[in-house]
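S.K.: Okay, here's the structure, questions in a sec.
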Amino acid sequence: MSVGVIICTCGNTINDKIDIDRLVEFAKGLEDVSIVKKVDIFCKNYDQIVQELKGKIDRLLFVGCSERSSLTFNEDKIAQILEKIGLNRAMFEVANIREQCAWVHEDRDGATRKALDQLMMAYVKLRSNRPAGEAVKLEKRVLVVGGGVAGMQCAIDLAKAGIDVVLVERNPYLGGHTAQIPLLFQCEGWSSMCTSECIVPVIARETTFNDRIKIITNAEVKEVEKVNGNFYVTIEQKPQFVDPNKCVSCGKCAEVCPVEVPNEFDMKFGKRKAIDKDFALAIPDTYNIVDEYCNRCGECLKVCPTNAINFDAKPSIYNYKFGAVVIATGFQEYDLSKIAELNYAHPDVVTSLEFERLLTKGFKRPSDGKTPESLVFVLCSGSRSENGDGVPYCSKICCSVIMKLANRIATLFPETEITVIYRDIRTPAKLEDFYKMVVNKGVEFVKGEVDEITDENGKLKVTVFKEDGGEEEIEADMVVLAEALIPAGVQLLKKFGVVTDKFGFPIEFQPRIINPNETYVDRVFVVGTAKGPSIVQESVESGSAVAMRIVEILKDGEKKLQKFVSYVNKDLCSKCGICASMCPHDAIRIKEDGAEVDSAFCRGCGLCMSVCPNHAIQLINFEDKQLLDQVEVAFKHAKEGEPRILAILCYWCSYAAADLMGLKGLKLPANFRTIRIRCSSSVNAGTLLEILKKVDGVLIAGCPPKNCHHGWGNYVSAKRIKLMNEAMKQLGINPDKLRWEYIGVAMWGQLAKAIKEMTERLRS
Amino acid sequence: MKVVIDWLASCGGCDVSILDLGVKILDVIKEFDIVYWPVALDFKRKDLKSLDKADIAIVNGAVRTSEQEEQVKLIRDKVDVLIAYGSCACFGGIPGLGNQFDADEILKRAYVETPSTTEGKIPQPVTKLNDTELTLPKFLDKVKPLDEVVEVDYYVPGCPPSSSTIEEMIDLLLKIKRGEKPERRVLASDKSLCYECPRFKSLVRPPTINRPHEIIADQERCFLEQGIICLGFVTRGGCGARCIKANMPCRGCYGKVPNAVDFGTEAITAIAMAGTGEDYLPPMRITEAVDKIRDVVGLIYQFCLPKSKLGDLK
């Protein structure tokens, strides 16, 4: 072993606060340290030193600024330096003597002592670090589930970048809900629309014509197995009774077919034949048979000019290996029959999507085919529900959709009395123009909530509790409900192990702001309305954006494993499965001989390690033993008499807050030491216990609520410490010795307060 | 080969478990000479004292009084092999929960403060009655597992040990008789109970914690996933999952799995997983799933408080 130590004075600014020469001498005396360099501004002048270190060291210890928060030399920069020196990316540690030492302590002696300890802690850990594993080969093929606009756009962009795509669509056609909506928003500051009858064929043709895209319609994902970083997926396609390679869409079969069936594409307003096309412009341009209705009379066989029909067709099974997955399964309408007062069972009460389809047949009400003279739109039908009927969130697009539809009726049928019942109008950004147009056309707006919709002798009566306290009854020939949108692919997400919110939308990887569309499962992305309600244009955007991310991920056909991944010692594993239930990233499988971590899916949070009662799982480069080794030396130079407090801080939020304490100029006594761990929840309570024996107090801090990078790590940690404190109280042990805090990056003040408070309490 | 069987701070269940062997006990008697077994046969302490030597002692119960301490030391002196039998002997067991309090507190509670007591009196080690001095053993300050008093050769955990574990012990006795010295010192599995548990798992976090009276447990599914605290994951198996099969969660009587640092804290680690939808809760309610636990120590150290390393922090 040959350790190189670089001690940076940060332009001689650290020297005032810390006796750097003492650190240098100390480092020189450490076993296996072959080079110690004192440098002034390493971040700006490293080339020569890097050359000197090449081939001479196998581990690098950097003593200087924070690897988490430094603006010039954080871990990303260090990774570059390691590559230049030719070291494995796991072979470094940082002793943070700037942010968390020089900047936060005033007493030079205390700061120097702490710097020596932090150096030693980093050193002992570095000595036992293991190199990050070999890269895992990833299949350069992507599965896109859902052939709507988002899925197609993503597939097209991937294919153009040279990546093979398998696109699985449940329907016999591409286009999803977009194909059902005749007029789509396109907004450039004025209200304009484009037709799906142009958009969908254009994008669907582009998808179909690309040789890299294999389209499987009428199909769904049956099984998913994750092995060695790849997804092994079984796709089942329903029997293709009409061979798409022979069918020329002449329509002769449908002409002779005696069986009429409801056309789901037209919602409840259209019929088709058992053999037919769902809509004229459907792509793939082929007819299909609705199996459950076809009576196999054989009339179609007689007229088909290309012999494309085969009643004996069997389901097909496809097995593929993928390196990444895109979920583009779109939305479904909330089932409004669950909300009794909306009277959705009435034929003349329809959803907005149904109304879109109805209008393609003419503005005629379903019950008797008469053109309505009065029309009521009800916004928030199932959305923003406070009483549990429906969903509590805003479905985002429905106000705009209703404005579009109201505008259309007001323009084409100006005599129609149109009323919009609303709670708030939310037509964001440029869509506001649609609202203005409707207002200008004299449409009436009633602010309130629907009490009931009743049928009074063939006329609908909508009773509204108005916001001003009054009640209003509005007569209507027809009612259109702006239905809430809910996700459609919940079962599929489960197959991939994706964590969802309670409505079934995937939770994106924290920090979501810079990881949009990325789920908690590595390389499973979500686009379009599967992620949440969005207009078509936004869905297309997300498809393109994700394609770009995937291109970057798959460009080398491999994934470099990170420094931190879990592994299982199967001799110690009892297959209790607790690790797998704790894993937020679905990286653990329970096999016949024990639990197994798939390193390429592991995000290195250590939650599994923390819950394993027999310590069978360890997080490489964050092992229990490494932590305990660090604790062993953490207070070697500390002054006697002050409580020794160890702050165990999560990798993301809390450690950064500790850096900011110094940056923001707070001053603290130098009696505490910090260890940066992966997740606040990666420390097992048994290990905590061992730590508690060696120090006076332990502070554990993790991300604030709703912000944990590993789903529930902070919550589990909070509960764990609460139970520990409870047990300590019962056993007559001072519970102040162990404290939990939610500390976000900006909560540096709170962190300082917690450390001070602990010091005070433990001092007395 | 001479065998001593004795009980210390114990409920008597351990002795009964040996008797529960039924006719198999006749095989034991065939092979071994039971020279002391006060629960089953009429032996007095003087019989033990007068014994020159025995080969094996099977001792159940923990050490709670000075008399028990003396007794186990006496036994240790007489035998070559000492077996701690049952959870109390191995880890302190249920009496070990008394270690949350000191001796005075316990005596005061038991003899003075209980609601059914009037004018209670704490028994004294020495009481003068007329001209006689009556003595009682001293109530020690802490309950001790046997190995805190004497050297223990083998551990047979369980409250009481299950019949399969007892059979293993008889096997052990026979091996000792043949002059072997088996290396396996704990007569239980090195794997946790989950390893032999027949229940199925969906591999999800327990959505909440249900107290046993709050739900009717599904007989097929992992208790923990139903929110019923089952400590099988941290407990050695080998018991045959008898509680689990009777639809009762594991309470940990076989002690911690070998590589666990401490039974209770390891148990806490996983119990703290319970909960769901915390993102939707106000911060004050985030821990509510575990707040339902009324007696944390009683739960996590039901059979092993004297062995608690958390307790050592005091």
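S.K.: Could you please tell me the mean projected area of the C-alpha convex hull for segment A:72-153, averaged over all directions and given in square nanometres to one decimal?
M.R.: Spelled out: convex hull of the Cα atoms, projected over all directions, averaged, 9.9 nm².
S.K.: Shifting gears a bit: Per residue of segment A:186-200, in order, report the coupling 6.51 cos²θ - 1.76 cosθ + 1.60 (Karplus, θ = phi - 60°) as ³J(HN,Hα) in whole Hz, putting x for Gly and Pro.
M.R.: Residue by residue, segment A:186-200 yields 9, 10, 10, x, 10, 7, 9, 9, 9, 9, 5, 5, 9, 4, 5 Hz.
S.K.: What residues have an amide H closer than 5 Å to that of A:Ala595, excluding those fewer than 5 places away on the same chain, when H is modeled at 1.01 Å from N in the peptide plane?
M.R.: Sorted by chain and number, the residues that satisfy this are A:Lys575.
S.K.: With every atom except the alpha carbons ignored, what do you get for Rg and Dmax of segment A:120-279, in angstroms?
M.R.: Computed over the Cα atoms of segment A:120-279, radius of gyration and Dmax are 22.5, 86 Å.
S.K.: Counting only protein heavy atoms and rolling a 1.4 Å probe, how much accessible area do A and B lose on contact, total for both sides, in Å² to 100?
M.R.: Approximately 4200 Å² gets buried when A meets B.
S.K.: Another question, then. For segment A:202-343, what percent of Cα pairs sit more than 22 Å apart?
M.R.: Beyond 22 Å sits 52 percent of the P(r) for segment A:202-343.
S.K.: Would you calculate, for chain B, the mean residue ellipticity at 222 nm contributed by helices, counting each DSSP H stretch of 4 or more residues as -39,500 (n - 2.57) and dividing by all residues, to the nearest 500?
M.R.: Mean residue ellipticity at 222 nm (helix-derived): -7000 deg cm²/dmol.
S.K.: Near the amide H of A:Asp451, under 5 Å away, which other amide H atoms are found, from residues 5 or more places off or on another chain, if H is placed in the peptide plane?
M.R.: A:Thr463, A:Val464, A:Phe465
S.K.: What FRET efficiency do you get for A:Glu197 and A:Gln491 if R0 is 41 Å and r is their Cβ-Cβ distance, rounded to the nearest 0.05?
M.R.: Numbers: r = 32 Å, r/R0 = 0.77.
The computed FRET efficiency comes out at 0.85.
S.K.: Same structure, new question: Lysine pairs in segment B:96-212 with alpha-carbon atoms under 18 Å apart, 8 or more places apart or on different chains: how many are there?
M.R.: Lysine pairs meeting both conditions in segment B:96-212 amount to 6.
S.K.: With the other protein chains left in place, how much accessible area per residue, in square angstrom, belongs to segment A:199-303 at a 1.4 angstrom probe?
M.R.: For segment A:199-303, the solvent-accessible area averages 51 Å² per residue.
S.K.: Need the per-residue list for segment B:272-289: every residue with at least 30 Å² less accessible surface in the complex of protein chains than in the chain by itself, probe 1.4 Å, sorted by number.
M.R.: For segment B:272-289, once contacts with the other chains are taken into account, B:Ala272, B:Met273, B:Glu278, B:Asp279, B:Tyr280, B:Ile286, B:Thr287 lose 30 Å² or more.
S.K.: Students often get this wrong, so check it: of A:Lys531/A:Lys722; A:Lys502/A:Lys706; A:Lys56/A:Lys77; A:Lys17/A:Lys693, which have C-alpha atoms separated by over 23 Å?
M.R.: A:Lys531/A:Lys722; A:Lys17/A:Lys693
S.K.: Right, here's the next one. Using only the alpha carbons of segment B:1-55, what is the convex hull's orientation-averaged projected area in square nanometres?
M.R.: Averaged projected hull area, Cα only: 4.0 nm².
S.K.: Sort all Cα-Cα distances of the protein assembly as shown into consecutive 20 angstrom bins from zero, then give the percent of pairs in each bin up to the one containing the longest distance.
M.R.: Taking every Cα pair in the protein assembly as shown, the percentages come to 11, 31, 31, 20, 7, 1, 0.
S.K.: Here's a follow-up. Where in segment A:572-672 are there trypsin sites (Lys or Arg not before Pro) that are in a DSSP coil and have at most 15 other Cβ atoms within 10 angstrom of their Cβ?
M.R.: Here the trypsin sites (Lys or Arg not before Pro) that fit, given the DSSP loop and packing criteria, are A:Lys636, A:Lys639, A:Lys664, A:Lys667.
S.K.: Out of the GluC sites (Glu not before Pro) in segment B:116-193, which ones are loop residues according to DSSP with at most 11 other C-beta atoms within 10 Å?
M.R.: Working: sites: B:Glu119, B:Glu133, B:Glu148, B:Glu151, B:Glu167, B:Glu168, B:Glu180, B:Glu183; in loops: B:Glu119, B:Glu151, B:Glu180, B:Glu183.
Loop-located and lightly packed - B:Glu119, B:Glu151, B:Glu180, B:Glu183.
S.K.: Please express the shape of segment A:87-127 as an equivalent ellipsoid: the semi-axes are the square roots of 5 times the eigenvalues of the C-alpha gyration tensor, given largest first in whole angstrom.
M.R.: Numbers: eigenvalues 110, 22, 4 Å².
Over the Cα atoms of segment A:87-127, the semi-axes work out to 23, 10, 5 Å.
S.K.: With a 1.4 Å probe and all protein chains kept in place, how much accessible area does B:Asp171 have, in Å² rounded to the nearest 10?
M.R.: Result for B:Asp171: roughly 80 Å² accessible.
S.K.: Over the alpha carbons of segment A:422-560, what is the largest minus smallest coordinate on each principal axis, giving the biggest first in Å?
M.R.: Between the extreme Cα coordinates on each principal axis of segment A:422-560 lie 68, 33, 27 Å.
S.K.: Quick one: among B:Lys108, B:Lys144, B:Lys53, which has the greatest mean-square fluctuation in a GNM of chain B with alpha-carbon springs under 10 angstrom?
M.R.: B:Lys108
S.K.: Taking θ = phi - 60°, what integer Hz values does the Karplus form 6.51 cos²θ - 1.76 cosθ + 1.60 yield along segment B:67-78, in sequence order, with x for Gly and Pro?
M.R.: 5, 5, 4, 5, 4, 5, 5, 4, 4, 4, 5, 8
S.K.: Here's a follow-up. Please find the FRET efficiency linking A:Val227 to A:Lys54, where r is the Cβ-Cβ separation and R0 is fixed at 35 Å, and quote it to the nearest 0.05.
M.R.: 0.40
S.K.: Right, here's the next one. Three principal axis extents, largest first, for the C-alpha atoms of segment A:554-706, in Å?
M.R.: Per principal axis, max minus min of the Cα coordinates gives 53, 38, 28 Å.
S.K.: Also, I was wondering about something else. In nanometres, what is the gap between the two model label sites at A:Thr306 and A:Lys84, each 7 Å from Cα along Cα-to-Cβ?
M.R.: 6.2
S.K.: Let me ask something else. Length gain on complete extension for the stretch A:Glu592 to A:Asn515, per 0.36 nm per residue less the alpha carbon to alpha carbon distance?
M.R.: Full-extension gain reported as 24.2 nm.
S.K.: Please report, for the Cα atoms of segment A:1-132, the Rg to one decimal and the Dmax as a whole number; what are they, in angstrom?
M.R.: 13.4, 39
S.K.: With the other protein chains left in place, how much accessible area per residue, in square angstrom, belongs to chain B at a 1.4 angstrom probe?
M.R.: Values: 14970 Å² over 314 residues.
That works out to 48 Å² per residue.
S.K.: In the structure shown, do any of A:Lys238/A:Lys591; B:Lys24/B:Lys49; A:Lys226/A:Lys591 have a Cα-Cα gap over 20 Å, and if so which? Write down the numbers at each step before the final one.
M.R.: Working: A:Lys238/A:Lys591 32 Å; B:Lys24/B:Lys49 29 Å; A:Lys226/A:Lys591 13 Å.
Going by Cα-Cα distance, A:Lys238/A:Lys591; B:Lys24/B:Lys49 fall outside the 20 Å limit.
S.K.: Can you compute 3J(HN,Hα) from phi for each residue in segment B:153-169, using the Karplus curve 6.51 cos²θ - 1.76 cosθ + 1.60 with θ = phi - 60°, rounded to whole Hz and x for Gly and Pro?
M.R.: 8, 9, 10, 10, x, x, 10, x, x, 6, 4, 5, 5, 5, 4, 4, 5
S.K.: If you don't mind, there's one more thing I want to ask. Using the basic label-point model (7 angstrom from Cα toward the beta carbon), what is the A:Thr371 to B:Ile122 distance in nanometres?
M.R.: Computed distance between label sites A:Thr371 and B:Ile122 equals 9.9 nm.
S.K.: If you don't mind, another one. For every helix of n ≥ 4 consecutive DSSP H residues, a contribution of -39,500 (n - 2.57) applies; sum these over chain A, divide by its total residues, and give [θ] at 222 nm rounded to the nearest 500 deg cm²/dmol.
M.R.: Helix contribution divided over all residues of chain A: -8500 deg cm²/dmol.
S.K.: Along Cα→Cβ, 7 Å out, is where each label goes; now give me the distance between the ones at A:Glu632 and A:Asn15 in nm to one decimal.
M.R.: 3.6
S.K.: Pick out which of B:Thr132, B:Thr65, B:Thr269 has the largest mean-square fluctuation in a Gaussian network model of chain B, springs linking Cα atoms closer than 10 Å.
M.R.: Looking only at B:Thr132, B:Thr65, B:Thr269, the biggest GNM fluctuation is shown by B:Thr132.
S.K.: In percent, what relative contact order does chain A have, based on Cα pairs under 8 Å that are 6 or more apart in sequence?
M.R.: So the answer I get is 13 percent.
S.K.: Still on this structure, please answer the following. Size of the dipole of segment A:10-155 about the Cα centre, Lys and Arg at +1 and Asp and Glu at -1 on the beta carbon, nothing else charged, in debye to 20?
M.R.: 500
S.K.: For segment A:472-576, which chymotrypsin sites (Phe, Trp or Tyr not before Pro) pass both filters: DSSP loop (anything but H, G, I, E, B) and at most 15 other C-beta atoms within 10 Å?
M.R.: A:Phe503
S.K.: Also: What per residue convex hull volume, in Å³, do the alpha-carbon atoms of segment B:21-101 yield?
M.R.: 110
S.K.: Still on this structure: Can you give the percent of C-alpha pairs in segment A:296-418 whose distance is more than 23 Å?
M.R.: Above the 23 Å cut-off, segment A:296-418 has 55 percent of its Cα pairs.
S.K.: Turning to a different aspect of this structure: Given a cut-off of under 8 Å on Cα pairs at least six residues apart, what relative contact order in percent is computed for chain B? Walk me through the intermediate numbers first.
M.R.: Values: 573 pairs, mean separation 55.1, N = 314.
Result for chain B is 18 percent.
S.K.: I would also like to ask the following. Rule-of-thumb check for segment B:49-176: C-alpha Rg over 2.2 N^0.38 Å? Write out the running numbers ahead of the final one.
M.R.: Numbers: Rg = 17.7 Å, N = 128, 2.2 N^0.38 = 13.9 Å.
Relative to the rule-of-thumb radius for its length, segment B:49-176 sits at 1.27.
S.K.: How many times 2.2 N^0.38 Å is the alpha carbon radius of gyration of segment A:209-254? The partial results should precede the final answer.
M.R.: Working: Rg = 15.4 Å, N = 46, 2.2 N^0.38 = 9.4 Å.
Taking the Cα Rg and dividing by 2.2 N^0.38 Å, one obtains 1.64.
S.K.: Looking only at segment A:688-717, which residues have a backbone nitrogen under 20 Å from a spot 7 Å from the Cα of B:Arg285 in the C-beta direction?
M.R.: Backbone N within reach: A:704-708, A:712-717.
S.K.: Also: Residues with amide H under 5 Å of A:Ser192's amide H, sequence separation 5 or more or different chain, H placed in the peptide plane at 1.01 Å from N; which?
M.R.: Amide H neighbours of A:Ser192: A:Gln186.
S.K.: How big, on average over all directions, is the shadow cast by the Cα convex hull of segment A:570-632, in nm²?
M.R.: The orientation-averaged projected area of the Cα hull of segment A:570-632 comes to 4.3 nm².
S.K.: Then there's this: Could you work out what % of the accessible surface of segment A:320-469 is carbon and sulfur, using a 1.4 angstrom probe and leaving DNA, RNA and ligands out of the count?
M.R.: 46
S.K.: What is the diffusion coefficient of segment A:318-369 in µm²/s, taking the Kirkwood radius over Cα pairs and the Stokes-Einstein relation at 37 °C with a viscosity of 0.692 mPa s? Each step should come with its number before you reach the end.
M.R.: Values: Rh = 14.3 Å.
Translational D for this selection: 229 µm²/s.
S.K.: Could you work out the Kirkwood radius for chain B, taking every pair of different alpha carbons, averaging 1/r and inverting it, reported in Å?
M.R.: 21.4
S.K.: Would you compute, for the Cα atoms of segment A:666-728, the largest minus smallest coordinate along each principal axis and list the three values in descending order, in whole Å?
M.R.: Principal axes ranked by extent give 33, 32, 19 Å for the Cα atoms.
S.K.: Students often forget the sequence filter, so: which aspartates and glutamates lie under 20 Å Cα-Cα from A:Lys314 once same-chain residues fewer than 8 apart are removed?
M.R.: List returned: A:Glu169, A:Glu220, A:Glu223, A:Glu236, A:Asp243, A:Asp276, A:Asp291, A:Glu292.
S.K.: Now for a separate question. Treating only the Cα positions of segment A:6-49 as identical point scatterers, give the base-10 log of I(q)/I(0) from the Debye formula at each q in 0.20, 0.25, 0.30 Å⁻¹.
M.R.: -0.64, -0.89, -1.06
S.K.: Right, here's the next one. Express in % the proportion of alpha carbon pairs of segment A:695-743 at distances exceeding 15 Å. Working shown, then result.
M.R.: Numbers: 531 of 1176 pairs.
So the portion of pairs separated by more than 15 Å is 45 percent.
S.K.: If N is the number of residues in segment B:171-314, what value comes out of its Cα radius of gyration divided by 2.2 N^0.38 Å?
M.R.: Compactness ratio reported: 1.20.
S.K.: Could you look at chain B and say what percent of its accessible area is carbon and sulfur, using a 1.4 Å probe and all protein chains?
M.R.: Roughly 54 percent, rounded to a whole number.
S.K.: Suppose the chain between A:Glu467 and A:Lys706 were pulled fully straight at 0.36 nm per residue; how much longer would it get relative to their current alpha carbon spacing? The partial results should precede the final answer.
M.R.: Values: separation 239, 0.36 × 239 = 86.04 nm, distance 3.33 nm.
Full extension of this stretch gives 82.7 nm more.
S.K.: Follow-up. Place a point 7 Å from the Cα of B:Asp33 along the Cα-to-Cβ direction; which residues of segment B:56-93 have their backbone N under 18 Å from it?
M.R.: Hits in segment B:56-93 for B:Asp33 at 18 Å: B:56-58, B:78-81.
The values are calculated or read from the model by the stated rules, or taken from the named source; none is laboratory data. Quantities reported herein were computed from a predicted structural model and do not represent experimental measurements. Backbone-built Cβ (ideal geometry, glycine too); neighbour counts: all protein chains shown. Ligands, DNA and RNA are excluded from the accessible area calculation, which covers all protein heavy atoms including side chains. Shrake-Rupley method; radii C 1.70, N 1.55, O 1.52, S 1.80 Å.
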